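Okay, structure first, notes after.
The values are calculated or read from the model by the stated rules, or taken from the named source; none is laboratory data. Everything numeric in this text was worked out from a predicted model, so none of it was measured. Here the Cβ positions follow ideal geometry from the backbone for every residue, glycine too, while neighbour counts run over all protein chains shown. Accessible surface is based on the protein model in full, side chains and every heavy atom, while ligands, DNA and RNA are left aside. Shrake-Rupley method; radii C 1.70, N 1.55, O 1.52, S 1.80 Å.
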Amino acid sequence: MPGYSKETGYYLNGKLPRIALIARGVRFPAGRWLRFVGAMADPDLVQELAADLFPGLRATPVPIVTLLTDSDVDRFERELQAELAGSMSR
């Protein structure tokens with residue numbers, strides 16, 4: 001059963017790696033998502049914080065996606081699957 005965001009904020013999935021601004025009440029994409037900063041933070045600061053908190057993410061900026069509806073989550077998951085499938089076929 002999917003979880004839903006209890007408050008709007010930036011969430012990190014370090015395995016992907018991706019940062020998502022997820023709105024309150026929107027379901028989380030598949031995987032483990034950790035809320036680490038509020039919604040009002042500047043995206044550049046969000047990336048800096050992610051690198052400071054998780055040193056393994058310092059090599060390159062972590063992409064940020066905005067997920068304001070469950071439809072956004074569906075689209076994100078499809079795009080991610082396509083990206084992963086493409087990298088496996090190389």
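Please enumerate the residues belonging to region 1-43 that are without any contact (Cβ under 8 Å) to a residue 12 or more places away in the chain and more than 14 Å from THR66 (Cα to Cα).
Answer for region 1-43, where residues must be without any contact (Cβ under 8 Å) to a residue 12 or more places away in the chain and more than 14 Å from THR66 (Cα to Cα): just MET1.
Determine whether ALA59 is of a type in the set (A, V, I, L, M, F, W, C) and at pLDDT 95 or above.
no
Rundown of residues vs (1) at negative phi; (2) touching a Gly at 6+ places or on another chain (Cβ under 9 Å); (3) of a type in the set (Ser, Thr, Tyr), yes/no style:
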site: ALA30; (1), (2), (3): yes, no, no
site: PHE54; (1), (2), (3): yes, yes, no
site: PRO63; (1), (2), (3): yes, no, no
site: VAL73; (1), (2), (3): yes, no, no
site: SER87; (1), (2), (3): yes, no, yes
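Can you work out which of the residues in region 55-90 that are open to solvent by 70 Å² or more (accessible area, probe 1.4 Å) and touching a residue at least 40 places away in the same chain (Cβ under 8 Å) is farthest from ALA30 (Cα to Cα)?
GLY56
Do we find a residue being within 10 Å of the chain's Cα centre (by Cα) and in a strand (DSSP E or B) anywhere in region 30-43?
Within region 30-43 (the criterion being within 10 Å of the chain's Cα centre (by Cα) and in a strand (DSSP E or B)), the answer is yes, since at least one residue qualifies.
As an exercise: evaluate ARG24 against (1) surrounded by 12 or more Cβ atoms within 10 Å (Cβ to Cβ); (2) outside any loop (DSSP other than H, G, I, E, B) and give the number of the one condition it does not meet.
Failed condition: (2).
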